[in-house]
Amino acid sequence: MSLTIYNTLSRKKEPFQPLQEGKVSMYVCGVTVYDFSHIGHARAAIVFDVIFRYLKHKGYEVTYVRNYTDVDDKIINKGNKEGVDAKTIAERYIEEYDHDMDALNVEKPSFTPRATEHIKDMINLIERLIGNGYGYEVEGDVYYEVSKLKGYGKLSGKNIEDLESGARVEVDDRKKNPLDFALWKASKPGEPSWDCPWGKGRPGWHIECSAMSQRLLGETFDIHGGGADLIFPHHENEIAQSEGATGKPFVKYWIHNGFVNINQEKMSKSLDNFFTIREILEHYHPEAVRLFLLSHHYRSPVDFSDQNLKEAQMGLDRLYTLLKDFKEMHNGEVQSSSPHEQEMRRLIESLPETFEKAMDDDFNTASALGILQRTTRDLNRVLAEVKKDGSGGFPSSLLEEGVKTFTTMGNVLGILTIDP
């Protein structure tokens, strides 16, 4: 079975065929760095970390970009509240986020650009949009004229007429249309700013990702990911900007992960119902947190609770206990071959194929973990029967293969990385 991916753009699963054979280009929207990251941020990071790992496991050469938004209203407001500049806030929480990612065994992407490093790219992109008739300047602000782009709303399934009738956007009489969004914001006192053809100012949020992804991955690339809350308006506006500037398709496959909920409500800072990553890691092993978040399909919501995390911890313990038994049997005296050897060999050798079949179905980590747990249960039954009837040991090569197989599958999920 070849890899299939659910594409938010087409609203269906599609066979995965990268633009360049053997290579994959992937951009994922990172965090806005103004506070500690919560378990919802961890889910997005872990989901795309597993996608990154699995694509490499499949033999692809992957260029993975995950950005930092380090200039934003929230960062500026936090700095004003603390009496420090926005850069100080951004640097602090980039460092804290990196610490959390290391703790969760999230692999470092190929590139982790900061928005402030690509201001020139953003200005150039805005100039192209103005030149193509999509952007217009008003008193130092630059807006994107949404009505000019044919097909606006194709990612989110929204149409301009419905959006206009139900618009809940900030009223600005200077805009040609209430839905027009900011590409560049004129400078305000006390805010970070950069020189540009329209006077001092700073970029809008959406233009940042369009500019960084184009700079590092090209005008068209394979995968763009992020949380489901980014589909509209952020990713919709990224498409508008990028395709308005280049006239080319922006992204081939759009992937969005579901929310982490508490009491059926999305976990978020605005609702003040979140737990930070470091708070959770004070009570649970990082691999248990990964296993919990991966035990549901990435597009489905997942309910956060102590009970669910405890169950994940128990599931992790079962996997490590099996590896420990394999290693102890290998280190012990090898007796005559057990009549159960054939069944153990079948269970171990069939694991990679069934695991990959699950992962090939739109990165179904829930199914893949289920396969690991069922195989663990069956192998434990075989080990128990051997101990009960005293029918001998297993060849060292088979036990080594068992450990290697489980740790290889575990590496795709970012678990089973430590000595049992």
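Kindly indicate whether any position in the stretch 18-25 is over 25 Å from THR116 (Cα atoms), modelled with pLDDT under 95 and either in contact with a strand residue (DSSP E or B) (Cβ under 8 Å, 6 or more places away or on another chain) or open to solvent by less than 20 Å² (accessible area, probe 1.4 Å) (or both).
Filtering the stretch 18-25 down to residues over 25 Å from THR116 (Cα atoms) leaves 18-24.
Checking which are modelled with pLDDT under 95 leaves us with none.
Looking through the stretch 18-25, none of the residues is over 25 Å from THR116 (Cα atoms), modelled with pLDDT under 95 and either in contact with a strand residue (DSSP E or B) (Cβ under 8 Å, 6 or more places away or on another chain) or open to solvent by less than 20 Å² (accessible area, probe 1.4 Å) (or both).
Looking at the stretch 68-86, which of its residues are surrounded by 17 or more Cβ atoms within 10 Å (Cβ to Cβ) and in a loop (DSSP other than H, G, I, E, B)?
Scanning the stretch 68-86 gives ASP70, VAL71, ASP72.
Determine the pairs where a residue that is free of Cβ contacts under 8 Å to residues at least 60 places away in the same chain, located within the stretch 78-90, has a partner that is open to solvent by less than 60 Å² (accessible area, probe 1.4 Å) and aliphatic (A, V, I, L, M) with Cβ atoms under 7 Å apart, the partner being 6 or more residues away or on another chain.
LYS78/ILE89; GLY79/ALA86; GLY79/ILE89; ILE89/ILE75; ALA90/VAL33; ALA90/ILE75
Being in a helix (DSSP H, G or I) and in contact with a helix residue (DSSP H, G or I) (Cβ under 9 Å, 6 or more places away or on another chain) narrows it down to one residue among ILE51, ILE130, ILE94, ILE89; which is it?
ILE89
I need every pair where a residue in the stretch 235-250 that is more than 17 Å from ASN124 (Cα to Cα) and open to solvent by less than 10 Å² (accessible area, probe 1.4 Å) has its Cβ under 9 Å from the Cβ of a residue that is in a loop (DSSP other than H, G, I, E, B) and of a type in the set (A, V, I, L, M, F, W, C), sequence separation at least 6 or different chains.
Between residues of the stretch 235-250 that are more than 17 Å from ASN124 (Cα to Cα) and open to solvent by less than 10 Å² (accessible area, probe 1.4 Å) and residues that are in a loop (DSSP other than H, G, I, E, B) and of a type in the set (A, V, I, L, M, F, W, C), the close pairs are HIS235/CYS29; HIS235/LEU155; GLU236/LEU155.
Only one of ILE255, ILE231 is within 20 Å of the chain's Cα centre (by Cα), surrounded by 17 or more Cβ atoms within 10 Å (Cβ to Cβ), in a strand (DSSP E or B) and aliphatic (A, V, I, L, M); which?
ILE255
Residue pairs, Cβ under 6 Å, 6 or more apart or interchain, first in the stretch 316-328 and more than 14 Å from LEU291 (Cβ to Cβ), second open to solvent by less than 70 Å² (accessible area, probe 1.4 Å) and not in a helix (DSSP H, G or I). List them.
Note: pairs meeting the criteria are LEU323/PRO420; LYS324/PRO420.
Across the stretch 199-228, which residue is nearest to TRP184 (Cα to Cα) among those that are outside any helix (DSSP H, G or I) and open to solvent by 40 Å² or more (accessible area, probe 1.4 Å)?
The extreme case among them is LYS200.
Write out, first by first residue and then by second, each pair whose Cβ atoms fall under 6 Å of each other, whose residues are 6+ apart or on separate chains, and whose first residue, in the stretch 103-127, is touching a residue at least 40 places away in the same chain (Cβ under 8 Å) while the second is in a loop (DSSP other than H, G, I, E, B) and open to solvent by less than 30 Å² (accessible area, probe 1.4 Å).
ASN105/GLY414; PRO113/ASN67; ARG114/ASP70; ALA115/ASP70; ALA115/VAL71; THR116/ASP70; THR116/VAL71; ILE123/CYS196
Quick check on the stretch 240-251. Is at least one of its residues at pLDDT 95 or above and farther than 21 Å from THR8 by Cβ?
For the stretch 240-251, residues at pLDDT 95 or above and farther than 21 Å from THR8 by Cβ: present.
Need the failing condition index for PHE363 against (1) closer than 22 Å to MET329 by Cα; (2) not in a helix (DSSP H, G or I), just the number.
Here PHE363 meets the rest and fails (1).
For the stretch 181-193, does any single residue satisfy the condition of being in contact with a Gly (Cβ under 6 Å, 6 or more places away or on another chain), basic (Lys, Arg) and either closer than 19 Å to HIS235 by Cβ or not in a loop (DSSP other than H, G, I, E, B) (or both)?
Yes, the conditions are met somewhere in the stretch 181-193.
With the structure loaded, tell me whether LYS387 is basic (Lys, Arg) and either at pLDDT below 95 or open to solvent by less than 50 Å² (accessible area, probe 1.4 Å) (or both) or whether it fails that test.
Answer is yes for this residue.
Go through (1) in a helix (DSSP H, G or I); (2) in contact (Cβ under 8 Å) with a residue 24 or more places away in the chain; (3) closer than 30 Å to LYS404 by Cα one by one and return the number of the condition HIS296 breaks.
In the conditions (1) in a helix (DSSP H, G or I); (2) in contact (Cβ under 8 Å) with a residue 24 or more places away in the chain; (3) closer than 30 Å to LYS404 by Cα, HIS296 misses (1) alone.
Within the set of pairs 6+ apart or on separate chains, which have a first residue in the stretch 42-60 that is closer than 13 Å to THR365 by Cα, a second that is part of a helix (DSSP H, G or I) and open to solvent by 10 Å² or more (accessible area, probe 1.4 Å), and C-beta atoms under 8 Å apart?
The qualifying pairs are ARG53/ASN411.
Being open to solvent by less than 30 Å² (accessible area, probe 1.4 Å), over 18 Å from LEU372 (Cβ atoms) and among the acidic types (Asp, Glu) is the filter here, so list the residues in the stretch 273-305 that pass it.
Those that are open to solvent by less than 30 Å² (accessible area, probe 1.4 Å), over 18 Å from LEU372 (Cβ atoms) and among the acidic types (Asp, Glu): none in the stretch 273-305.
Across the stretch 324-359, which residue is modelled with the highest pLDDT among those that are farther than 18 Å from ARG377 by Cβ and not in a helix (DSSP H, G or I)?
Across the stretch 324-359, the extreme among qualifying residues is PRO339.
The values are calculated or read from the model by the stated rules, or taken from the named source; none is laboratory data. For clarity, every value in this text was computed on a predicted model and none was experimentally measured. Neighbour counts run over all protein chains shown; Cβ positions are idealised from the backbone, glycine included. When the accessible area is computed, the model is the full protein with side chains, heavy atoms only, and any ligands, DNA or RNA have been set aside. Shrake-Rupley method; radii C 1.70, N 1.55, O 1.52, S 1.80 Å.
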